[in-house]
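Right, one structure below, let's go through it.
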Amino acid sequence: MPAVGLWLAGVLDLAYGLSDAVGQASPFTAFVPMTLVCALLLLRRHAPLPVLCAIVVVIAVPVWFLPLDLGYWGEFIPWLVALYSCARHEPRGMLRAAGAVVSAAALIVIALRFPEMADPGDLLYDGVLLAAAWTLGLFARSWARYRDDALRQEVERTQAEERAVAGERARIARELHDLISHTITVIVMQAGGARLTSASDPATAVEALGRIERLGQDSLGELRTLLTVLGAAATDAAATPGEATAPQPLLADVASLCERMRLLGLPVRLQLDDDDVAHVPAGMQLTGYRLVQEGLTNVLKHAGAVQTEVSVRREPHGVLHVEVSNAPGRPGAPVPGGRLGLVGMRERVAASGGTLTAGPRPDGGFVVSAGLPMAEPPV
């Protein structure tokens, strides 16, 4: 520790005269003040100004009343360290300045007591050392603050990036859930229909298999888009040469989605004005599309081919309203599921800063309704 090192240097100075003596007394008369000064240095970080003032008192006051010598390594150098610590660690600016004033006054008092220190050159030399220690402390304090601010900003930037990555992963997970849930549900139902009609009506079975094929192709296009976002270079390399990546679906594609559901036997009535939703942000359009897709998939899973209504419209107060409502009914063969449909819809809507309500209708049907604000949700 600096205090121990300076005390040992002071002892060597007293024993071997490493520096010019100040005062006419024996050098060893400085042993006790030197020991007190070095001991006080142990507290310099916890009480910078009180330690500096105590060191100045121990050095400057006794020499006026007792025949004492002054040690350079054991007293003056620790004084410089204490002044540096005051400028470096004292939190209040007025107290840091007070430390400099106290040191300047003490230097004048000691110069008046010892004529050999009153020489202008020596006095200027000692004053420059004290000023340099104080200035160096201020610089170290500023540098530490700059370093801490830079580290804090780096931590905040890293945390923001991690939150952004986590949010993007959650968004892609919702995309994959919606896409795969819809695709598998439709494929299972179509495959079941094809199996039941393969013997009695082969043409209908072939038509169902064709719909399965087209649905699989469309879903693969969307999967490639999502995997491209994840940086799946291997998936891109394995794609058919010249095959374009499918764009993310928008609200304008809801009509095609409803048409595909009608081909599957689900009677859907759509209320959607393309001009009304044309200027909805792309991210919000994707969310609206996925809500309709998930809602229709849930109808097929849990109610079967029943009358269903889809409404997508912009409210005057800047909210996109999406609603899927179906008549009562029960599927002939329920499709097993993890009951994550509504959970995923709620998470997607919450991520967009909107609200979602879902529950039974008075007639026994079911309705899912979401309100999505046009403005970006707060981060």
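The values are calculated or read from the model by the stated rules, or taken from the named source; none is laboratory data. Note that the coordinates shown come from a computational prediction; the quantities given were computed from them, not determined experimentally. When we count neighbours, we look across all protein chains shown, and the Cβ atoms used for this are built from the backbone with ideal geometry, even at glycine. Just the protein is used for accessible areas: all its heavy atoms, side chains included, with ligands, DNA and RNA removed. Shrake-Rupley method; radii C 1.70, N 1.55, O 1.52, S 1.80 Å.
For the stretch 47-161, the per residue solvent-accessible surface stands at 54 Å², with DNA, RNA and ligands left out and a 1.4 Å probe. Each peptide in 83-95, 103-115 receives the mean, over its residues, of other Cβ atoms within 10 Å, and ordering these scores from highest gives 83-95, 103-115. Computed in the context of the full set of protein chains, the accessible area of the stretch 259-325 at 1.4 Å probe radius has 48% of its extent on carbon or sulfur.
The packing ranking, built from the mean of other Cβ atoms within 10 Å per residue, places the peptides 297-305, 37-45, 277-285 in the order 297-305, 37-45, 277-285, highest first. Between the listed residues 288, 310, 298, the Cα displaced farthest toward the positive end of the dipole of the stretch 268-319, a dipole computed from Cβ unit charges relative to the Cα centre, is found at 298. Rounded to the nearest 0.05, what FRET efficiency do residue 218 and residue 145 give with R0 = 45 Å and r taken as the Cβ-Cβ distance? Could you check? Rounded to the nearest 0.05, the efficiency is 0.20. Projecting the Cα atoms of 130, 140, 111 onto the charge dipole of the stretch 100-173 (Cβ charges, centred on the Cα centre) puts 140 farthest toward the positive pole.
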